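For reference, the structure discussed in these notes is given below.
The values are calculated or read from the model by the stated rules, or taken from the named source; none is laboratory data. Fair warning: this is a prediction, and the values are worked out from it, not measured in the lab. Neighbour counts run over all protein chains shown; Cβ positions are idealised from the backbone, glycine included. When the accessible area is computed, the model is the full protein with side chains, heavy atoms only, and any ligands, DNA or RNA have been set aside. Shrake-Rupley method; radii C 1.70, N 1.55, O 1.52, S 1.80 Å.
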Amino acid sequence: MPTEITTEFLNRIREAISQGHDTEIKSAFNEWYPADIAQIIQELNDAEALTVFKSIPPDMASEVILELDEARREILLSSLSTKQIAAQIDNMNSDDAADVIAELPEKIQSEVEEDRARAQEELEGKMATQGFGKGSGVLEGAGREMRSEEHTSELQSHHDLVCRLLLEKK
């Protein structure tokens, strides 16, 4: 179970950051909920917050982004490349992704969308080489049975989609 967010805990995280103990930083947040990690990030300065953010797993980082206040979210996202932002957005459900994209400056929005489209094309190319292209029956029927956001939000990332399709092919 996670430790309470105390001044002592925050000072321990700051010390680990200043000494470059990446493993300690990563392990400190293994069992924390995204909302708690967001609260910790809110308490740190920008550089410390970025270090903590980059140390958490990508799927959890997407959830943490959603829990941050708008100002902190803007600071963290501005430190990422558009490709990294696109990857984070791809791990979100569509409503949350739309909200985050809407908060981005217009130039960044278009670049993120281009990166997402490129990633989708790459995924489709990889899937086609594995026999999952058009006419395979797998992609055509993939969305028919489960349409609710509840079911599909877990399958938003490209990695999970590929895994699901590989399992369906067996």
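Considering only the other residues whose Cβ falls under 12 Å of the Cβ of Ile40, what net charge follows from Lys and Arg at +1 and Asp and Glu at -1?
-2
Write out the chymotrypsin sites (Phe, Trp or Tyr not before Pro) in the stretch 1-93 meeting two conditions: DSSP loop, and at most 14 other Cβ atoms within 10 Å of their Cβ. Listed in order of number, the matching sites amount to none.
The heavy atoms of Thr6 offer some 50 square angstrom of accessible surface to a 1.4 angstrom probe.
Residue separation times 0.36 nm, minus the C-alpha to C-alpha distance between Glu103 and Glu8: what's the value?
30.8 nm
Computed 3J(HN,Hα) for the stretch 82-87, one whole-Hz value per residue from the Karplus formula 6.51 cos²θ - 1.76 cosθ + 1.60 where θ = phi - 60°, is 4, 5, 5, 4, 4, 5, glycine and proline marked x. Taken one residue at a time, the phi angles of the stretch 115-125 give Karplus couplings (6.51, -1.76, 1.60, θ = phi - 60°) of 5, 5, 5, 4, 4, 5, 5, 4, 4, 4, x Hz. Gly and Pro are set to x.
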